[in-house]
Structure formats: structure tokens, C-alpha cells
Amino acid sequence: MSFRTTLREVRLERGVTQGAVARMGYVSEPMIQAVEAGRKRLTPDVLGRIARSLRCPELAVAYCRECPANLFIPPWLNRVDQHPLTVLSATVEEAQEALSAIEALHLRNKLAAADISPDDRRRLERAIDQTLDLRAACIMTAAVTCRRFGLDLWALVGRNDEKVRSRYTKEGREAA
């Protein structure tokens, strides 16, 4: 679903006017009208203010999906039962499938495309596919459970970014 469609649906569902959304993003009401009509796009900082104000990760996901460089933001899973236990169960199932696919890989001493057989390639593609399915389930789990239980998703993502940066990046290791 496009960002403009998601914005309109969320706004109407919550009974929020275009003017109120404009004030959240520090833009004009005509700008929000133009965005919902598909004539203009919001900048990331404006989107962030609106998504945070509405506590709506669906908006962030929809916006990021439209980025031409996007490879890692999955579509919002709006046909999934959003009960926290259902989403958590689906995530566990996806994790088990990803783990099984990864365990089926036979990549010892294989460092390049020329080193792998057609069977290796199929197993590798399946492992990547399952890992990407898990990514979608994890994003949905974080969004749904944060919304349901009143947790600040943006704060949690920020803390996670700091943790990952400190563990796995050169900048993080240099600062430590």
C-alpha cells in the first residue's frame, strides 16, 4: 500500500483531520492534501514527526517502502491477525524456518559464486528467502506489540541502533 493511501486510511480511522496532521508535521494543510492526492511527497523529517505523533509504524513502513534504494523494508503485513500472540507465534515459526534453511547450507571452504554447486545455490537462495521472511515478521512483531502495549518503538529502535553500532561497526568499536 502506498504512503499516501496509508496516511489517509490511518488519519480517517483515527478521526484526525488533515489540518491536525499538518500541525504534527509542521507543514501546511494544503501540503497534506497534496500528499494524499499523490501530487507531493513529504520529507523524511516531516514523515517522522507525523508517524511519531500518530504512534504509527505503518506510516514509517509505507514511506520507507517508496524509497528507490529500499531493499530491506518489507511491506506492511495488513492481512495478518495483529493479536500480539498471533504475531509472536508467526515470528517464532519464521525463525525456525530460517534457522532450518541456514543449517541446510553447506558452505564450508566456499567463498565465491564459482565455488558453489547448483544445489548450494538453491539452498542459499532458500536461506536468504527465509531470512527475509523472518525480517518481515520481526518488524511486524515490534510494531504490533509496541502499539498494543504502549511502548515507544522509536526509542527502542534508537537504543537498538546504538547497541548494533557499538558491537558491529568500526565507529562503534573505536568509541568503545
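The values are calculated or read from the model by the stated rules, or taken from the named source; none is laboratory data. This one's a predicted model, so the numbers in the text were calculated from it and none came from an experiment. Here the Cβ positions follow ideal geometry from the backbone for every residue, glycine too, while neighbour counts run over all protein chains shown. Calculation scope for accessible area: heavy atoms of the full protein, side chains included, ligands and nucleic acids excluded. Shrake-Rupley method; radii C 1.70, N 1.55, O 1.52, S 1.80 Å.
Here are some notes:
- Of residues in the stretch 35-86 being touching a Ser or Thr at 6+ places or on another chain (Cβ under 9 Å) and over 27 Å from ILE128 (Cβ atoms), the one surrounded by the most Cβ atoms within 10 Å (Cβ to Cβ): LEU59
- Considering each residue of the stretch 3-20 in turn, at least one proves to be modelled with pLDDT under 95, closer than 20 Å to MET140 by Cα, surrounded by fewer than 14 Cβ atoms within 10 Å (Cβ to Cβ) and not basic (Lys, Arg).
- Selection from the stretch 87-107 of residues that are open to solvent by less than 60 Å² (accessible area, probe 1.4 Å) and either within 12 Å of ALA136 (Cα to Cα) or not in a loop (DSSP other than H, G, I, E, B) (or both): VAL87, ALA90, THR91, GLU94, ALA95, ALA98, ALA101
- Residues of the stretch 68-113 satisfying the condition of being touching a residue at least 24 places away in the same chain (Cβ under 8 Å) and hydrophobic (A, V, I, L, M, F, W, C): PHE72, ILE73, TRP76, LEU77, VAL80, VAL87, LEU88, ALA90, ALA95, ALA98, ALA101, ILE102
- Meets criteria (in a helix (DSSP H, G or I), surrounded by 12 or more Cβ atoms within 10 Å (Cβ to Cβ) and modelled with pLDDT under 90) for ARG126: no
- A single entry from LEU71, LEU77 fulfils the requirement of being under 14 Å from the mean Cα position of the chain (by Cα), over 24 Å from ASP152 (Cβ atoms) and aliphatic (A, V, I, L, M): LEU71.
- Pair list, Cβ under 6 Å, 6 or more apart: the stretch 1-16 residue closer than 19 Å to CYS64 by Cβ, other residue open to solvent by 50 Å² or more (accessible area, probe 1.4 Å): PHE3/GLU66
- Boolean, ALA142 is open to solvent by less than 60 Å² (accessible area, probe 1.4 Å) and either among the hydroxyl-bearing types (Ser, Thr, Tyr) or in contact with a helix residue (DSSP H, G or I) (Cβ under 9 Å, 6 or more places away or on another chain) (or both): yes
- Extreme residue, most open to solvent (accessible area, probe 1.4 Å), among residues of the stretch 155-176 that are at pLDDT 85 or above and in contact with a Lys or Arg (Cβ under 9 Å, 6 or more places away or on another chain): ARG167
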